[in-house]
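Notes for the one structure printed next.
Read-outs: derived from the displayed coordinates by stated rules, not from any lab. Keep in mind the model is a prediction, meaning the values are calculated, not measured. When we count neighbours, we look across all protein chains shown, and the Cβ atoms used for this are built from the backbone with ideal geometry, even at glycine.
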Amino acid sequence: MLNISVILKRYSVPAIFLVLGVLLLTVGFKENQTMEFKLSGVLILIGAIISILSSSGLINVLAAKIIGGFSLVFSIGLLYYSYQTVDNTIKYQENYKACKALAQKNLTDIRTAQKAYLESFGTYAGNWEELINYINSGTVNSVVAEGDKPSRRITEAERNFLYKDARAIDNNMTDIEAYKLSISKKCPEDLKGFKRDTVKVSFLKTTFTENISYMKERRENGYGKFVAEELKFIPFTKKKMEWKIETDKIVVGVDSVSTLRIEGVIPFTKIAGSKKKENMYIGKLELNDLSGSWEEE
C-alpha cells in the first residue's frame with residue numbers, strides 16, 4: 001500500500017502533463033491548429049517525460065526542474081499566443097463577412113438609384129454629387145389607383161365617344177377605356193370613384209427611408225440608418241476610400257446606350273499572409289449590364 005501511494009505521489013503530476021501533452025498534439029494535428037499550438041504540446045510532453053525521468057532518478061533533479069519549468073512556461077506562452085491568433089482570425093473573418101454584406105447592400109442601393117437616375121435623365125450619374133443629390137431630392141412616378149374597373153363591356157355610346165367608329169364590342173372594358181370614361185363629362189355611374197393618376201413622389205422616401213420592408217431588412221441585418229451620403233464610401237474604411245464611378249456609351253443596333261461601372265477593393269480580404277484583394281463591383285462599361293460581382297460568383 002505504501003509503495004502505491006509513493007508511486008502516485010511521485011508520478012501523478014508528470015502523468016497528468018504527459019496526458020495533456022499527448023492530448024494537445026492530437027487535437028493540434030486533427031483540428032489543423034497553428035504551429036504554436038502544436039509546439040506547446042511538444043514542450044509539455046517533453047517536460048512531462050523529463051519529470052518522469054527525474055522522479056525515477058535517471059537524470060539530475062535540478063536540471064529536470066529547470067528544463068521542465070522552462071518547457072511549461074514557454075508552452076503556456078505559446079498556448080496563449082495561439083489562442084490570441086485564432087481569436088484575431090475569427091474576428092477578422094467576422095469583419096470580412098460583415099464588410100462584404102454591407103458592401104453588397106450599398107452597391108445594390110447604388111444600382112437602384114442609378115436605374116432611377118437613368119430613367120429620369122437618360123444617362124447614369126457620372127459622379128457622387130449628382131447621384132446623392134438625386135437620391136435626396138429626386139422624384140419618381142407613382143400610380144395612384146382608386147376604385148375598381150367594372151366587369152362589363154363598354155356600351156355603344158361609350159364606344160362612339162372613345163373611338164368615333166363602329167368597331168365590334170367583344171371584350172370587357174380595359175383600364176385605359178375605364179380611365180378615359182371616368183374623366184369624361186358624362187362619367188358612367190359605375191365609374192364614379194375610379195381613379196388612375198400618375199403623381200411625382202420622393203425617390204428617397206418611397207425607395208429607402210419610408211419603405212417599411214427595406215428599413216426592416218436594414219435593422220435585421222444591422223446595417224444601420226440609411227444615409228445617402230455614406231453610399232459612396234467603401235464599408236469599414238472609416239470613410240477614407242470611395243467606390244469608383246465610371247460611365248460610358250455603347251452602340252446597340254442604331255441606339256446609343258449608357259453603361260456604368262462602380263467598383264472598389266473591400267478590406268479584410270488579406271488572410272494568412274495572402275496578397276489576395278477582393279474587388280467588388282456593379283456593371284460593365286462594354287456591356288449594358290448592371291449585374292454585381294457577387295451575382296457572378
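Tell me, what is the FRET efficiency for ALA101 and ALA157 to the nearest 0.05, using R0 = 51 angstrom and their Cβ-Cβ distance as r?
Efficiency computed from Cβ-Cβ geometry: 0.25.
Pop a pseudo-label 7 angstrom from the Cα along the beta-carbon direction at both TRP294 and ILE183 and give the gap in nm to one decimal.
Once both label points are built, they end up 4.2 nm from each other.
Treating the Cα atoms of the range 114-225 as identical point scatterers in vacuum, please give the log10 of the normalised Debye intensity I(q)/I(0) at q = 0.19 Å⁻¹, two decimals.
Computed log10 I(q)/I(0) values: -0.95.
Using 0.36 nm per residue, how much length does the chain from ILE212 to ASN172 gain when fully extended, once their Cα-Cα distance is taken away?
10.8 nm
Just how far, in whole angstrom, is the range 125-179 from the range 228-249 if you go by their alpha carbon centroids?
38
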